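Note sheet for the following structure.
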Ligand SMILES: Nc1ncnc2c1ncn2[C@@H]1O[C@H](COP(=O)(O)OP(=O)(O)OP(=O)(O)O)[C@@H](O)[C@H]1O
Ligand SMILES: [Mg+2]
C-alpha cells in the first residue's frame, strides 16, 4: 500500500483558451492536511473543482488510490469518497437545514417514506459536533452567512469521506467556531481522512496544515512541510515579492461626530444599541456569531424593521425606512453575504460596480464609457483580476468578486461607510490595498463602521472597538493596549461593562 | 472583450437572427411569391399587433414576471376605443381621444396587475390569469357578446393607412422597438429591470425599489396593449368581443422567448422580440403558402417555442464553460 491518496499529473485548465491552471503535478498523502494558498485568481478553486469532478481538466490525469480515475461530474467524485465544501454556498434557500444536508441522499424509513425524524436527529448531532447553534428545521433563508457556512460543513462531513476538500470555510467564522472546526479536522485526520484546506488566513494554515502548496497565476510554485514555511515566507511566495507593513498607521480621530446611533433596537436581535463615530474614525465591531453585528448594520440601512432608536448623520436625524433612504443620506453598506446580497453574478463587472451609484452615470442615458472608466479605476486600485470588464461576475474568482462588491459600495461617494467582513476571501496583498483605501477614505473625513470577525484586522484598523454580545454592547476597548483576550472576554460574556 | 454589434443588437440575438435568415432562405426557395414586397410587408403587418405587446412583455419577463391578460385587455381597450370614437362623432378629435384614452386605460389596467403582483404578493401567473378572464368577460358583457362597430370612416382609414408604402402599424412597431430597446439598455430603469429579475435580494440591498420597477413593467405592457388595441380595432374598424386578439398572450410571449429572452428573467432583448415576431409570421406565411391546414399552425408554433428554449439553454451552457 502506498501512502499517496491522490496523484495529479500535468493538470491544466483553460476557459475559452485562457489558461488558468498550468501543469499541476502533485501528490496528496493519505491522512494529511494539505493547505493550498495563493493570490485571488491563482487557480486554487479551479484546482479543487477538478479534484471534485465539477470541472474536467483540459489536460492531465488524476490517480485516486493508485487507480486512474475520470471524474465526469461531482457525483462520480462523491462515489469514490471525495466531498467538497465549496467557496460559494450551494444551498437551496427555500428548503430547511436538514433537507439541504440530506438533499439527494434522504434517509428513508423501512416503509420507504422519508425518515424526517432520523434526518433531524442526525442534523442536530452534526451541529452539536460543530458547536453551532442552528435549528435543523430552520429555513436556509433565515440563516446568517456563518450559519450557512456551518450547514455546508455539516453537509460535507455527514458521511465520512476519504478526501475532504474545504475551500475557504473560515472566512465568515469567528475564532470560537474556527477552533472547533480545527479540532474536528484533527479528529478526522486521526481517523485517516485526508483533507485539502484552502485559506487566505495564513496563520490558520500554519497551525492546522501538515504541508502547504503555493500557486501563483495558475502555476505550481512549491509544496513544502508547513514547519519549513514562516508566515512571511508564505506571503512572499504567494505574491512573488516582499510585502511591507499590512495595516496603515492608525490616527486618533479629532473630527466632529459624523454618525450617531441612539438606542437602536431590532426585536430579538439588537437590544437598544448606542454609539457614535467621528469623522475620520474607523470604529470596529467585534463579537461572536449571532452577536447581532450584521443585524445592527441591516437595521441602520432600513433592511430590517426597527422597534426603537434614532439615527443621525452629521447632526441631522434621519428617517430610514428602506435602503434608498440610507443611501440618499450618504450611508453606504457592504453586506457580508457576497452572492446573496452583494453582487449580481450574471452581471458584468462594470454593471456591478455602478449598481447603487447608477444615477451618477445616467442623464438620462447611461454613459458606458464613464462606467468603464470608473471600473478601471477600481480594477487598478484593488488589482481585480477579471477575464475582461465585460465578463460576468460568476467567471471571477471569489476574492475578486469580493473586491467588486466593495467597489460597488464605495462608488456612492458616501459620508458614512458600513463594511461587514470587507476582506472576506481576499488575499494578503489585496487586503493591504483595501485597508489602505479605507484609511484614506477616513482621512478624507468619512465615518467608518468596521465589522469583522477577524480580530487581527479589527485590531489593526481601529482605535476603538465595540464588542457585541447577544445584541448589546458588552464592552468597548480602545487605545494602544487592546488585546485579543480582552475582546474575547467581552464577546463570550466573561467580562461585562461599557 | 465582447464585440459590440450594430443597431443595439446583442450576442443573444445572433441565434434568433440566424434562425430568421435560414427561414428566409427556405421560404424563398419554397415559394417565389414569398419574396414579393407585398408579401413581406404583409407578414410584418400581421405580426405587428401582438409584436408591439411583446415589446412590453419582454420587460415583464426580464423582471421575472408574466402577463397573461394582454389578449383580452387588447379586446377590451379596442372596444372602448371604438365606443369613444363613435361617441365623439368619429372626427380627428374623436380619434385623438381614442388614442389617449386607450393608452391611459392600458396604463391603469397594467397598474392594476402590477399592484396585485407586488403589493398584493400574488403570483403574476395567477393575477393575470384572473384579469385575463375579467377583461374578456367585461368585453362580452358590454358588447352583448357581439361586435363593436365603428361609425367612423376616418378611424378605419387610419387603420389601413401606410407611410412611404409601409403600413402604419409596422412603423409603430419598429419605432417602439427602438425606443424600448434604448429604455432597456441605456437607462437606469432598464438596468434595474435586469437586476430585479436576476437577484431580487441583491437589488433590494442596492437600494433599488423593486416593487416600483416591477409594477412599471406591467404599466409599460399596458400602454403597449393600448397602442396595439387602437391599431387593431381601427384596421378592422370593429372589435369582436369573443375572438379579437384571442391568443395574443401566446403570440407575445412566444415572440419574446423565440427572440432569445429566457423565461427565468434577468436578461433579455427588445430587438429579439421583433425577430421572434417576424419568425412566427414567416412560419405562418410559409405554412399558408404550402397550404398546410390552419388548424395545424398552432402545432408548429408550439414546437418552435419549445425548440427555441432548448437551443438557448444549450448555448448558455457552452458559454459558461465548465
Ligand atoms: N468559468 C470561468 N470562465 C472564465 N474564467 C474563469 C472561470 N472560472 C474561473 N476563471 C478564472 O480563473 C482564474 C482562477 O480562478 P479561481 O477561482 O481558481 O481562483 P482562486 O485561486 O480560487 O481565487 P480566490 O482566492 O479569489 O478564490 C481567475 O482569474 C478567474 O477569473
Ligand atoms: Mg477560490
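The values are calculated or read from the model by the stated rules, or taken from the named source; none is laboratory data. Keep in mind it's a predicted model, so treat the numbers as computed, not measured. Note that each Cβ is placed from the backbone with ideal geometry, even for glycine, and that neighbours are counted across all protein chains shown.
What the table below lists for this structure:
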item: The lone exception for residue A:338 - which of (1) within 16 Å of ligand 1 (Cβ to nearest atom); (2) facing another protein chain (nearest Cβ under 9 Å); (3) modelled with pLDDT under 95 it fails; result: (2)
item: Yes/no for residue A:480 being in a loop (DSSP other than H, G, I, E, B), within 22 Å of residue A:252 (Cβ to Cβ), without any contact (Cβ under 8 Å) to a residue 40 or more places away in the chain and away from ligand 2 (no atom under 16 Å from the Cβ); result: yes
item: Residues located in segment A:315-336, provided they are within 15 Å of residue A:262 (Cα to Cα) and surrounded by fewer than 16 Cβ atoms within 10 Å (Cβ to Cβ); result: A:315, A:316, A:317, A:319
item: Residue B:35 being farther than 29 Å from residue B:267 by Cβ and at pLDDT 90 or above; result: no
item: Filter pass, residue A:36 being within 16 Å of ligand 1 (Cβ to nearest atom), at pLDDT 95 or above and under 19 Å from residue A:4 (Cβ atoms); result: yes
item: Filtered residue count, segment A:384-410, keeping only those that are away from ligand 2 (no atom under 13 Å from the Cβ) and within 11 Å of another protein chain (Cβ to nearest Cβ); result: 10
item: Filter pass, residue A:396 being buried (at least 22 other Cβ atoms within 10 Å of the Cβ) and more than 10 Å from ligand 1 (Cβ to nearest atom); result: no
item: Wholly within segment A:1-106, helices (runs of 4 or more DSSP H) carrying at least 3 residues that are under 15 Å from residue A:218 (Cα atoms) and more than 14 Å from every other protein chain (Cβ to nearest Cβ); result: A:44-51
item: The lone exception for residue B:192 - which of (1) in contact (Cβ under 8 Å) with a residue 12 or more places away in the chain; (2) facing chain A (nearest Cβ under 10 Å); (3) touching a strand residue (DSSP E or B) at 6+ places or on another chain (Cβ under 7 Å) it fails; result: (3)
item: Single unsatisfied condition, residue A:365 versus (1) within 16 Å of ligand 2 (Cβ to nearest atom); (2) without any contact (Cβ under 8 Å) to a residue 40 or more places away in the chain; result: (1)
item: When residues of segment A:423-444 are limited to those that are over 17 Å from residue A:396 (Cβ atoms) and touching a strand residue (DSSP E or B) at 6+ places or on another chain (Cβ under 8 Å), the one nearest to ligand 1 (Cβ to nearest atom); result: A:438
item: Matching residues in segment A:347-390 - criterion: being part of a loop (DSSP other than H, G, I, E, B), within 23 Å of residue A:323 (Cα to Cα), touching a helix residue (DSSP H, G or I) at 6+ places or on another chain (Cβ under 9 Å) and modelled with pLDDT under 95; result: A:364
item: Test: residue in segment A:319-333 that is more than 9 Å from chain B (Cβ to nearest Cβ), modelled with pLDDT of 95 or more and within 22 Å of the chain's Cα centre (by Cα); result: yes
item: Extreme residue, nearest to residue B:215 (Cα to Cα), among residues of segment B:85-133 that are touching a helix residue (DSSP H, G or I) at 6+ places or on another chain (Cβ under 9 Å) and outside any helix (DSSP H, G or I); result: B:119
item: Failed item in (1) touching a strand residue (DSSP E or B) at 6+ places or on another chain (Cβ under 7 Å); (2) away from ligand 2 (no atom under 16 Å from the Cβ), with residue A:168 passing the rest; result: (2)
item: Residue check, residue A:412 touching a strand residue (DSSP E or B) at 6+ places or on another chain (Cβ under 8 Å) and either at pLDDT 95 or above or away from ligand 1 (no atom under 16 Å from the Cβ) (or both); result: yes
item: Test: residue in segment B:261-268 that is closer than 30 Å to residue B:203 by Cβ, more than 14 Å from every other protein chain (Cβ to nearest Cβ) and surrounded by 24 or more Cβ atoms within 10 Å (Cβ to Cβ); result: no
